[in-house]
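I have placed the structure first, in the form of structure tokens, so that the comments after it can refer back to it.
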Amino acid sequence: MILDPRVESAKHQLRSVRAVYPVMSVKGGVGKSTLTVMLSLALRELGFRVGVLDTDLSNPSLHYLYGLEQRKVDVEEDEGYVPPLVHDGIRLSSPVIFTEGGILPARDKDSVNAVLELLAITNWRDVDVVLIDTPPGIHDEQLRLLKLMSGVHTGISRPVIVTTPFKVSLANVSRSLDYINSLHKGEKILVINKHRGSDELSMQASFKCVLRVPWDERLDERLVSLEELLQSKAYAELRRQVHSGKDCFF
């Protein structure tokens with residue numbers, strides 16, 4: 001059996017990371033990337049040093065939300081590449097740092113190889129938790145990533161599934177659970193974005209916890225900066241739930 005040296009390198013780079021959270025969605029347009037940023041801010045406020053990895057090779061967007069200008073990034077090398085700080089205690093690793101904003105169109109298998117390359121060269125030297133923003137949809141690419149993470153990280157690993165409260169979106173998550181469970185049998189977190197009140201969630205028992213982020217009519221206009229995002233109603237409520245339910249993540 002031939003061992004992939006990149007796997008061993010990724011294990012080494014993640015050795016001090018306490019927990020990894022792949023952030024996923026069954027379909028696009030549910031606010032997954034925005035939720036990834038808000039979760040990173042909420043976990044940072046709890047005192048954790050946070051790393052964020054953008055694995056959307058064809059349409060990376062996290063650098064915009066963090067205000068990172070990829071052409072002005074000085075890449076620091078120390079047993080690999082050290083992701084730049086985009087906020088106090090938050091580091092971002094994104095393919096745009098290496099492509100200067102270009103895209104990397106790739107097939108599913110090639111995408112997973114590219115993510116493995118990123119994990120192998122990224123030095124998370126002072127990071128406690130890593131959030132992985134994945135491309136939308138539950139396809140081979142995302143499921144291979146789950147399988148990859150189970151092989152390179154031995155700490156806590158909990159997929160965070162983002163959905164809207166609408167029946168079609170919730171039904172899509174429910175239908176996908178068996179498929180997700182086939183590669184990740186551990187605990188999972190559900191985030192219902194744009195929540196507008198009470199709900200009867202039949203699949204709540206399938207998740208370690210469920211976070212509900214309220215509809216915020218001003219959220220889009222607050223995405224111009226992290227300072228604005230921190231003042232949003234959506235972030236305030238997500239922060240409250242994360243801080244009051246820390247065992248959801250640890």
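The values are calculated or read from the model by the stated rules, or taken from the named source; none is laboratory data. If you're wondering where the values come from, they're calculated on a predicted model, not measured in any experiment. As a convention, Cβ positions derive from the backbone with ideal geometry for all residues, glycine included, and neighbour counts pool all protein chains shown. Accessible surface areas use protein heavy atoms only, side chains included; no ligands, DNA or RNA. Shrake-Rupley method; radii C 1.70, N 1.55, O 1.52, S 1.80 Å.
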Please give the number of the condition A205 fails out of (1) open to solvent by 60 Å² or more (accessible area, probe 1.4 Å); (2) among the small types (G, A, S); (3) under 26 Å from D88 (Cβ atoms). (3)
State yes or no: is L238 part of a helix (DSSP H, G or I) and among the aliphatic types (A, V, I, L, M)? yes
Of everything in segment 124-150, what is part of a loop (DSSP other than H, G, I, E, B) and open to solvent by less than 10 Å² (accessible area, probe 1.4 Å)? Give them in sequence order. W124, V127, T134, G137
How many of the residues making up segment 238-250 are surrounded by fewer than 17 Cβ atoms within 10 Å (Cβ to Cβ) and over 15 Å from V160 (Cα atoms)? 3
The condition from (1) in a helix (DSSP H, G or I); (2) of a type in the set (V, I, T); (3) at pLDDT below 85 that V173 misses is numbered (3)
So, V224, is that one free of Cβ contacts under 8 Å to residues at least 60 places away in the same chain, outside any loop (DSSP other than H, G, I, E, B) and of a type in the set (V, I, T) or not? no
